[in-house]
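**Q** Let me begin by handing over the structure; questions about it come next.
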Amino acid sequence: MTPDENLESELKRRTRFARLVHTPSCDSTQELAIAADTDGGRESDDAVFWADHQTRGRGRQQRVWDDEHGLDLAVTFRVTAELSRPVALPAGLPVAVLRAFEPAAARPLRIKWPNDVYVGARKLSGVLVDRDSRHPHTYRIGVGVNVNRLTFPGELAETATSLALETGGTFDRHALLLELAVQLDELLAAIERSDTAAHEQVFRERLSLLGRRVRVTAGAVREGTLRAIDFDRLTLDDGSEVPLAIVTALGPLP
Ligand code: BTN
């Protein structure tokens, strides 16, 4: 069995993902997943789209996502699920990423609003969730993780890190992708059965903002001490509640 065949078989055995599409290069795995939809025939299966390199990897807010060929992870999970609380998916996603990669990083990872995963002051992973306008229960969940690369171009050299840089090790990307799929599957199952308390606990802990003075941008800008936060809303010390769905920025005040 090739490593890809083995991974696909483990995905089938341990997760909802019935199919693996692994390509050496594409523009973006988000677009690869869309193209697979329009190819017809198998548009409803939950599938994993993985590229060794993206030529136009998409970040949030029109940014570019950079990778190094064959060294990092760029993957899109296409999922069709009836989520009564869809906002829990982007909020919970960094928790799934953190759970999947923390054993490899061998140190605590943290979540930076809205859903980046950091090692100390440097970004390890970013995620992107697209909802299909024609099929509202279909999500394309994109995850980029810096795994085995040792250098970054331009300003990323000051802001990004990889598992290899943090540990001095090299990592089996097939094994990491399987673990990520398992954690994502568990998150989706938790949302489906309305049992996200454990994920929300990790989210709170690793955001590390409870009890701190924060600035919240949600249309208007507010400042206050963060009293509570879950996947639905945050509460400030003046009692004001803000739905997470409308929060565009959240960070500590000095
Ligand atoms: C961000 O931090 O701005 C989000 C980055 C998301 C990158 C991943 S890599 C796999 C998938 N395909 C893309 O083009 N983007 C996402």
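**Q** Subtract the Cα-Cα distance of ASP4 and ALA245 from 0.36 nm times their separation in residues, and report this length gain in nm to one decimal. Don't skip to the answer; put the middle values down first.
**A** Values: separation 241, 0.36 × 241 = 86.76 nm, distance 3.68 nm.
Extending this stretch completely gives an extra 83.1 nm.
**Q** If you bin the C-alpha pair distances of segment 164-254 every 10 Å from 0, what whole percents do you get?
**A** All Cα pairs considered, the percentages come to 15, 35, 26, 21, 4.
**Q** For every helix of n ≥ 4 consecutive DSSP H residues, a contribution of -39,500 (n - 2.57) applies; sum these over the chain, divide by its total residues, and give [θ] at 222 nm rounded to the nearest 500 deg cm²/dmol.
**A** After summing the helix terms and dividing by residue count, I get -9500 deg cm²/dmol.
**Q** Report the label-to-label distance for LEU156 and VAL202 in nanometres (one decimal), using points 7 Å from each Cα along the Cα→Cβ vector.
**A** Distance between label points: 2.5 nm.
**Q** Just to be sure I understand the model, the point goes 7 Å from the Cα along the line to the Cβ. What's the resulting ASP45 to ARG227 distance in nm?
**A** It is 5.1 nm.
**Q** Sticking with this structure for a sec: Sorted from largest to smallest, which semi-axis lengths in Å does the alpha carbon gyration tensor of the chain give for its equivalent ellipsoid, taking the root of 5 times each eigenvalue?
**A** Numbers: eigenvalues 171, 97, 56 Å².
Rounded to whole Å, the semi-axes are 29, 22, 17.
**Q** Go ahead and run the numbers for FRET between ARG107 and GLN62, Cβ-Cβ distance against an R0 of 25 Å, rounding to 0.05. Don't skip to the answer; put the middle values down first.
**A** Numbers: r = 32 Å, r/R0 = 1.28.
Calculated transfer efficiency: 0.20.
**Q** Could you estimate the translational diffusion coefficient of segment 111-223 from the Stokes-Einstein equation, with Rh from the Kirkwood formula over C-alpha pairs, at 37 °C and 0.692 mPa s, in whole µm²/s?
**A** The calculation lands on 197 µm²/s.
**Q** Can you find, among GLY59, TRP113, PHE77, the residue farthest towards the positive end of the dipole of segment 57-116? Put +1 on the C-beta of Lys and Arg, -1 on that of Asp and Glu.
**A** In segment 57-116, that residue is TRP113.
**Q** Starting with the highest mean, order 121-131, 244-254, 169-179 by the number of other Cβ atoms within 10 Å, averaged over the residues of each peptide.
**A** 121-131, 169-179, 244-254
**Q** So, with +1 on the Cβ of K and R and -1 on the Cβ of D and E, and no other charges, what is the size of the charge dipole of segment 110-150 about its Cα centre, to the nearest 20 debye?
**A** Around 140 debye, computed over segment 110-150.
**Q** Sticking with this structure for a sec: Segment 194-254 to segment 1-24: how many Å between their Cα centroids?
**A** 37
**Q** Please give the contour-minus-distance gain from ARG215 to ARG85: 0.36 nm per residue of separation, less the Cα-Cα distance, rounded to one decimal in nm.
**A** Answer, rounded to one decimal: 44.3 nm.
**Q** Full extension from ARG122 to HIS135: what is 0.36 nm times the residue separation minus their Cα-Cα distance, to one decimal in nm?
**A** My answer for the length gained is 1.1 nm.
**Q** Is any helix in the chain, taking whole DSSP H runs, at least 24 angstrom long along its axis by alpha carbon and on average at least -0.5 on the Kyte-Doolittle scale, and which ones? List each step's numbers first, then the result.
**A** Working: long enough: 88-105 (25 Å, 1.12); 173-192 (28 Å, 0.86).
Membrane-span-like by this criterion, though nothing is claimed about a membrane: 88-105, 173-192.
**Q** Kirkwood hydrodynamic radius, computed over distinct alpha-carbon pairs, for segment 1-104: how many Å, to one decimal?
**A** 15.1
**Q** Now for a separate question. Output the direction-averaged projected area (hull surface divided by four) of the convex hull of the alpha-carbon atoms of segment 76-165, in nm². Show your work: numbers first, answer last.
**A** Values: hull surface 26.1 nm².
Answer in nm², one decimal: 6.5.
Bear in mind these aren't lab numbers, they're just calculated from the coordinates by the rules spelled out. Every value quoted in this text rests on a predicted model; they were computed, and no experiment measured them. Quick reminder, even Gly has a Cβ in these numbers, built from the backbone with ideal geometry, and neighbours come from all protein chains shown.
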